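The structure appears below as structure tokens.
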Amino acid sequence: MTELKNDLLLRALRGEEVERPPVWMMRQAGRYLPQYLELKAKYDFFERVQTPELATAITLQPVDLVGVDAAIIFSDILVIPQAMGLEVLMEEGKGPSLPQVIKTISDIDNLQTGGVEHSLRYVTEALSLTKRELNGRVPLIGFAGAPWTILCYMVEGKGSKTWDKAKQFAYTSPELAHRLLQKITDITINYLIAQAKAGADMVQVFDSWSGSLSPADFKTFAQPYLLQIVEGVKEHVPVTLFPKGSWYALEDLSKSGASALGIDWCVSPQFARHATGNRMTLQGNFDPSKLLAPIPDIQSAVKEMIDAFGTRRYVANLGHGITPNVPVDHARAFVDAVKSYKAPQE
Ligand code: CP3
């Protein structure tokens, strides 16, 4: 194993003292870099995801071009529905769609949960190849979608602002919803362990749509499965949970055994620190749209953010994915502002 030359992220996850916080950006691989758009023009989405050499090249781009302190493997959360036997289409400008939505108990019972090491081998191969190419420069992050977020796509069949069909399914057929959530959880645990074995230094669980649930419904349909994932995976690799919009769950999740919690920009650093009893490493929470502000404003907002979170037990990041319209020099200004952070003098 090559030793890591930059292990800031892993030290922050362990709560150790760091010279400065590590920084990476959600959705940094893909989306906004011109070098990504060149590959996007040549190969379709799942070809990029399923070809380890392409996935590796895209994963390395933000490390080489923007100077982030971690790489996140280029893939998608919807490889899990594919591995379970559902078709997933990715149409330019329309986002993902799943033609066969889940409705009945037999739809659920027909879903595969085994053999993820085989069906998602292209992901573990991409991780191993990326690990080799990184040669210890920065840690490598693996990921999966959280069970609730994956259920949303499986039931709704496409993206939604309200996820009302997914919620209708959960509220009218809770037994079926739990049966489905458990199957997704089982395969996700195996998938994340396979990612750890292939070289992932941290794994992040994206609960992108958990904020569509009320606090009580989050406790019913999201939290138990997030806890199972942490329990099943944490011996193998540190786990970061990102329950977007679910500020109300931070206290409970701070007791989950996760190494870090991702925070969106609608939560103040003070609230998040208080809710998690200063126990946890927190990750976030720069408003991605603020990367469109003038560079001096980005720099001062980054300083304010780090002043508020503190440099210890903190991973600088955005509060959600970077958007495709962010100029590269603004993304770089964000990263550089974290790297040149100086703590206020006592
Ligand atoms: O961080 C990274 O950049 C690694 C790669 C990554 C992708 N998807 C590549 C991608 C990651 C971490 C994801 C996660 C993902 N995918 C999430 C959770 C994170 C979040 O933003 O909430 C979700 C909800 C999805 C589902 C998904 N995939 C959607 C809604 C879309 C369409 C619109 C978009 O860009 O978000 C995708 C397609 C997708 N996945 C693209 C990329 C780079 C864009 C299509 C393309 O470039 O061809």
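The values are calculated or read from the model by the stated rules, or taken from the named source; none is laboratory data. Computed from a prediction, not measured in an experiment: that's the story for all the values here. With ideal geometry, Cβ positions are generated from the backbone for all residues, glycine too; neighbour counts draw on all protein chains shown. Just so you know, the surface numbers come from the protein's heavy atoms only, side chains and all, with ligands and any DNA or RNA stripped out. Shrake-Rupley method; radii C 1.70, N 1.55, O 1.52, S 1.80 Å.
Scan segment 64-99 residue by residue and report those that are more than 12 Å from the ligand (Cβ to nearest atom), small (G, A, S) and crowded, with 17+ Cβ neighbours inside 10 Å.
A83
So, in segment 324-346, of the ones that are among the charged types (D, E, K, R) and under 17 Å from R20 (Cα atoms), which residue ends up most open to solvent (accessible area, probe 1.4 Å)?
Per the stated criteria, the residue is E346.
Output the residue which, of all residues in segment 303-327 that are touching a strand residue (DSSP E or B) at 6+ places or on another chain (Cβ under 7 Å) and in a helix (DSSP H, G or I), is nearest to L13 (Cα to Cα).
Filtering segment 303-327 for residues touching a strand residue (DSSP E or B) at 6+ places or on another chain (Cβ under 7 Å) gives 305-306, 309, 313-319.
With the extra rule that they be in a helix (DSSP H, G or I), the set shrinks to 305-306, 309.
Numbers: M305: 18, I306: 16, F309: 14 Å.
Here the answer is F309.
Go through segment 235-293 and tell me which strands (runs of 3 or more DSSP E), entirely inside it, have 3 or more residues that are more than 16 Å from the ligand (Cβ to nearest atom) and within 19 Å of S214 (Cβ to Cβ).
Here the list is empty.
Of all residues in segment 236-259 being touching an Asp or Glu at 6+ places or on another chain (Cβ under 9 Å) and among the polar types (S, T, N, Q), which is surrounded by the most Cβ atoms within 10 Å (Cβ to Cβ)?
Filtering segment 236-259 for residues that are touching an Asp or Glu at 6+ places or on another chain (Cβ under 9 Å) and among the polar types (S, T, N, Q), the one surrounded by the most Cβ atoms within 10 Å (Cβ to Cβ) comes out as S246.
When you look at G277, is it touching an Asp or Glu at 6+ places or on another chain (Cβ under 8 Å) and either of a type in the set (A, V, I, L, M) or open to solvent by less than 10 Å² (accessible area, probe 1.4 Å) (or both), yes or no?
Spelling it out, it is not the case that G277 is touching an Asp or Glu at 6+ places or on another chain (Cβ under 8 Å) and either of a type in the set (A, V, I, L, M) or open to solvent by less than 10 Å² (accessible area, probe 1.4 Å) (or both).
Out of (1) within 13 Å of the ligand (Cβ to nearest atom); (2) assigned to a loop (DSSP other than H, G, I, E, B); (3) under 20 Å from I72 (Cα atoms), the odd one out for A144 is which?
Only one criterion is unmet by A144, namely (2).
Of all the residues that make up segment 1-15, how many are open to solvent by 50 Å² or more (accessible area, probe 1.4 Å) and touching a residue at least 60 places away in the same chain (Cβ under 8 Å)?
Looking only at segment 1-15, we keep the residues that are open to solvent by 50 Å² or more (accessible area, probe 1.4 Å), and these are 1-3, 5, 14.
Filter once more, keeping what is touching a residue at least 60 places away in the same chain (Cβ under 8 Å): 2-3, 5, 14.
Residues that pass the stated criteria total 4.
So V205 passes all but one of these: (1) farther than 16 Å from S128 by Cβ; (2) assigned to a helix (DSSP H, G or I). Which condition number does it fail?
Evaluating V205 over (1) farther than 16 Å from S128 by Cβ; (2) assigned to a helix (DSSP H, G or I) leaves (2) as the failure.
Pick from K161, K131: which is in a loop (DSSP other than H, G, I, E, B) and within 16 Å of the ligand (Cβ to nearest atom)?
Exactly one of K161, K131 is in a loop (DSSP other than H, G, I, E, B) and within 16 Å of the ligand (Cβ to nearest atom), namely K161.
When the residues of segment 19-39 are narrowed to those that are more than 16 Å from the ligand (Cβ to nearest atom) and at pLDDT 95 or above, which ends up farthest from the chain's Cα centre (by Cα)?
Among residues in segment 19-39 that are more than 16 Å from the ligand (Cβ to nearest atom) and at pLDDT 95 or above, the one farthest from the chain's Cα centre (by Cα) is R20.
Taking only pairs six or more apart or across chains, which ones have beta-carbon atoms under 7 Å, a first residue in segment 294-322 that is farther than 18 Å from S340 by Cβ and within 16 Å of the ligand (Cβ to nearest atom), and a second residue that is charged (D, E, K, R) and modelled with pLDDT of 95 or more?
Matching pairs, first to second residue: G319/D264; G319/D287; H320/K244; H320/D264; G321/R27; I322/R27.
If I filter segment 21-57 down to residues being open to solvent by 40 Å² or more (accessible area, probe 1.4 Å) and assigned to a loop (DSSP other than H, G, I, E, B), which single residue comes out as nearest to G321 (Cα to Cα)?
R27
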